[in-house]
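Visitor: Have a look at this one before I ask anything.
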Amino acid sequence: MRAGALEGLPAGRPIRVEVEGATVVLVRVGDAVYACGETCAHKGGPLGEGRVTGTRLACPWHGWMYDVRTGECVFPGRGARVPSYAVTVEGGDVWLDLPA
Ligand code: FES
């Protein structure tokens with residue numbers, strides 16, 4: 001599903017998009033785009049309002065950090081993750097591969 005135009009995605013900050021009823025957070029890192037779920041695995045904080053550092057996205061509520069490439073929480077021992085979605089950038093468009 002098309003999630004938007006690459007040029008509409010600023011680098012270094014998360015963008016929340018609604019695609020087919022799902023809320024997904026897009027993070028642009030250079031010319032690459034990653035996509036993950038919007039709801040923090042800790043207590044449901046809005047990752048779309050989080051802070052991006054490199055490939056890490058920090059939840060605005062208590063600071064849990066996720067690797068946007070995998071959706072895994074990078075804090076040792078947490079064992080938490082958010083969904084991660086495949087992204088394709090083609091012809092300036094960003095396409096998301098969401099599970100059916
Ligand atoms: S709800 Fe995200 S860190 Fe607590």
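Throughout, read-outs are computed from the coordinates displayed, never taken from laboratory work. What you are looking at is a predicted structure, and each value in this text was computed from that prediction instead of being measured. Here Cβ is always computed from backbone atoms with ideal geometry, including for glycine, and neighbour counts include all displayed protein chains.
Condition check ((1) basic (K, R); (2) closer than 21 Å to R78 by Cα; (3) in contact with a Gly (Cβ under 8 Å, 6 or more places away or on another chain)) across all residues:
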| site | (1), (2), (3) |
| --- | --- |
| D31 | no, no, no |
| T39 | no, yes, yes |
| G45 | no, yes, no |
| G48 | no, yes, no |
| R56 | yes, yes, no |
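Visitor: Would you check which residues across region 48-100 are in contact (Cβ under 8 Å) with a residue 60 or more places away in the chain and among the aliphatic types (A, V, I, L, M) and list them?
Guide: Result: V87, V89, V94, L96, L98.
Visitor: A further question on this structure: Is it true that R13 is closer than 29 Å to G91 by Cβ and among the basic types (K, R)?
Guide: Yes: the conditions hold for R13.
Visitor: Please tell me if R2 is more than 14 Å from the chain's Cα centre (by Cα) and in contact (Cβ under 8 Å) with a residue 12 or more places away in the chain.
Guide: When the stated conditions are applied, R2 passes them.
Visitor: Give region 29-63 a look and list any residue that's out of contact with any Asp or Glu (no Cβ under 7 Å at 6 or more places or on another chain) and among the hydroxyl-bearing types (S, T, Y), or say none.
Guide: Selection gives Y34, T39, T53.
Visitor: Condition first: more than 12 Å from the ligand (Cβ to nearest atom) and more than 12 Å from the chain's Cα centre (by Cα). Now tell me which residues in region 33-65 satisfy that.
Guide: Selection gives T53, G54.
Visitor: For region 13-28, which positions are surrounded by 12 or more Cβ atoms within 10 Å (Cβ to Cβ) and either more than 11 Å from the chain's Cα centre (by Cα) or not aliphatic (A, V, I, L, M) (or both)?
Guide: Listed by number, the residues that qualify are R13, P14, R16, V19, A22, T23, R28.
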